[in-house]
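Notes for the one structure printed next.
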Amino acid sequence: MYVSDAIVAGGRSLPGSSGESIDVVNPATGAVLDTIELASAADVGTCVAAAAAAFPGWSTATPADRAAALTRLAATIQARADEYARVETRQAGKPIRLTTEFDVPGSIDNIAFFAGAARNLEGKASAEWDGAHTSIIRREPIGVVGSIAPWNYPLQMAMWKILPAIAAGNTIVLKPAEITPLTALMLAQDCLAAGIPPGVVNVVTGTGPVAGEALVGDPRVAMVSFTGSTAVGRRVMELATQGIKRVHLELGGKAPFVVFEDADLEAAVHGAVAASLINAGQDCTAATRAYVHRSLVDAFVAGVADLYAGVVLGPTEDPATDLGPLVSRRHQERVAGFVDRSRADGGTVVVGGNAPGGELSRGCYYLPTLVTGLPQAAELVRSEVFGPVLVVLPFDTDDEAFDLANDTPFGLAASAWTTGVFRALRAQRELRAGCVWINDHIPIVSEMPHGGFGQSGFGKDMSGYSFDEYTQVKHVSMDITGETRKSWHRTVFTERP
Ligand code: NAD
């Protein structure tokens, strides 16, 4: 067990000064990994001051210099990839196969992408639109970015926030989730080791109401980027409104998974199992609501139930483990509550529906759970559960499937399963979500945007779209005539000879 500093501010590592601390607990075992002294509002101010002081230098560093620093960061993280994977596994309860094959390599690939993006800063115009002025579009960094991240992918979420911001010349203060701060703190240290100047990347770990609100409310913070629940996103947006700050929100999801009558059933069943259980279902794009054509429902339910029953729950550091625990005891109880209440709504729990016993009961595990028989209005169908829980509902016509799939306030991700080209084309148009997969569900790439519609928020992570979000457009208009008296002046006053 360690007692770690809570803050990396301007290159210095500091304890938090709130007088409160939090134990970082391995949810697979209950072991305390570390104790973090939580940050106060004053600590947040120290980080913001460091970011503001670093902004003039970093924002005027050449794109090549910023790209070189990011390239060195990728190498630094690569050299510690196993350690990152192990720490991420322990603090978040992720199976080691997931952290070594997805979280860490995905993060390194993100860094490589944004190292390239840093050198592709472009404006659209350079021309004389009225014949008398040359217009130039500049894309400039915004200033100090305040970012707040969730616990489900602590390293990747830190990357998605930090990389586009600093590639574009901003400086940043990141607040990770208080229960999973360790890899974000490692990352802040590695930014320094890679030669990113002190103050460009600052990390402050504290609670949402104290550190999070202080960060959003700090007048020196020009932009707020937030990933987390829709409820907290609403609060963040309200606070940011006071300062008319640019806001970027990646919020909750409730992704539909639509299986048409002409689907490859085996592919759909395997896809549903993987997409509903990834990261123990604690993934904002996870498949949560399977709408299956009535002719396939029985076979689909039987196939998913069969695969669910074979999923291996076990120690997270064992490469044979498929499914790890939920992130905390509190969250495990929350997920169990949703499933328990679904029984009262008429739901049938086909498999799962409880925590495993024996050795695993020390951890926050929950069995893969398949529920049928619920109406569209049921809580389990409409609310974000964030656990290894899939509901299956039947449909009869394509129109009905699209209506049901689109019938929640969220719109982060969706998938359609069909072998028909026209049905696939119709599905990609009809499904209202920031990402629509056809015959797959989950894969992401650094080059393509991630972000929601509706109450899943706005703004994009990853890709050139997210790079653009961390810049602001300036129009520069330069007189090219050299005239002392301009013809347009007559609209204001009459020229005298
Ligand atoms: P959460 O909203 O509870 O917390 C997210 C972050 O906000 C944490 O760092 C927390 O400390 C902070 N916070 C809490 N209260 C705050 C306040 N009043 N002011 C400022 N900050 C505050 O979310 P969570 O439980 O950590 O994460 C799960 C949620 O994140 C799910 O809803 C999931 O869908 C969402 N998520 C979305 C995406 C996406 O890209 N859309 C990605 C990952 C997770």
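The values are calculated or read from the model by the stated rules, or taken from the named source; none is laboratory data. This structure is a prediction, so every number in the text was calculated from the model and none was measured. Here the Cβ positions follow ideal geometry from the backbone for every residue, glycine too, while neighbour counts run over all protein chains shown. Each accessible area value is taken on the protein alone, full model and side chains, heavy atoms only, with ligands, DNA and RNA left out. Shrake-Rupley method; radii C 1.70, N 1.55, O 1.52, S 1.80 Å.
Tabulated values for the structure
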read-out: Any hit, region 235-255, residues being among the basic types (Lys, Arg), within 30 Å of residue 13 (Cβ to Cβ) and open to solvent by less than 30 Å² (accessible area, probe 1.4 Å); value: yes
read-out: Filter pass, residue 425 being at pLDDT 95 or above, among the hydrophobic types (A, V, I, L, M, F, W, C) and either under 27 Å from residue 338 (Cβ atoms) or under 24 Å from the mean Cα position of the chain (by Cα) (or both); value: no
read-out: Strands (runs of 3 or more DSSP E) completely within region 204-307 that count 2 or more residues being near the ligand (Cβ under 9 Å from one of its atoms); value: 221-227, 246-250
read-out: In region 130-151, the residues that are in contact with a Lys or Arg (Cβ under 9 Å, 6 or more places away or on another chain) and surrounded by fewer than 24 Cβ atoms within 10 Å (Cβ to Cβ); value: 132, 136, 137, 138, 139, 140, 142, 143
read-out: Criterion violated by residue 205 - all others in (1) farther than 13 Å from residue 9 by Cβ; (2) in contact with a Pro (Cβ under 8 Å, 6 or more places away or on another chain) satisfied; value: (1)
read-out: Leading residue by the ranking (farthest from the chain's Cα centre (by Cα)) among those in region 433-479 that are of a type in the set (S, T, N, Q) and open to solvent by less than 40 Å² (accessible area, probe 1.4 Å); value: 471
read-out: Some residue of region 328-348 being open to solvent by less than 10 Å² (accessible area, probe 1.4 Å), under 30 Å from residue 298 (Cβ atoms), within 16 Å of the ligand (Cβ to nearest atom) and not assigned by TED's automatic domain parsing to the domain that holds residue 84; value: yes
read-out: Pairs, first more than 21 Å from residue 305 (Cα to Cα) and in contact (Cβ under 8 Å) with a residue 24 or more places away in the chain in region 377-391, second open to solvent by 40 Å² or more (accessible area, probe 1.4 Å) and basic (Lys, Arg), C-beta under 8 Å, six or more apart; value: 379/341
read-out: Verdict on residue 90 being in a helix (DSSP H, G or I), surrounded by fewer than 23 Cβ atoms within 10 Å (Cβ to Cβ) and of a type in the set (Lys, Arg); value: no
read-out: Enumeration of residues in region 100-112 that are in contact (Cβ under 8 Å) with a residue 40 or more places away in the chain and either surrounded by fewer than 21 Cβ atoms within 10 Å (Cβ to Cβ) or over 17 Å from residue 466 (Cα atoms) (or both); value: 103, 104, 106, 109, 112
read-out: Residues being of a type in the set (Gly, Ala, Ser), open to solvent by 10 Å² or more (accessible area, probe 1.4 Å) and either assigned to a strand (DSSP E or B) or within 15 Å of the ligand (Cβ to nearest atom) (or both) - total across region 178-203; value: 0
read-out: Search result, residues across region 136-170 that are among the small types (Gly, Ala, Ser), within 16 Å of the ligand (Cβ to nearest atom) and in a helix (DSSP H, G or I); value: 158, 165
read-out: Qualifying residues in region 19-57 (those that are open to solvent by 60 Å² or more (accessible area, probe 1.4 Å) and of a type in the set (Gly, Ala, Ser)) - the one nearest to residue 197 (Cα to Cα); value: 53
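Yes or no, residue by residue, for (1) within 12 Å of the ligand (Cβ to nearest atom); (2) within 21 Å of residue 275 (Cβ to Cβ); (3) among the hydroxyl-bearing types (Ser, Thr, Tyr):
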| residue | (1), (2), (3) |
| --- | --- |
| 406 | no, yes, no |
| 431 | no, yes, no |
| 442 | no, yes, no |
| 449 | yes, yes, no |
| 466 | yes, no, yes |
| 470 | no, no, yes |
| 474 | no, no, no |
| 481 | no, no, yes |
| 491 | no, no, yes |
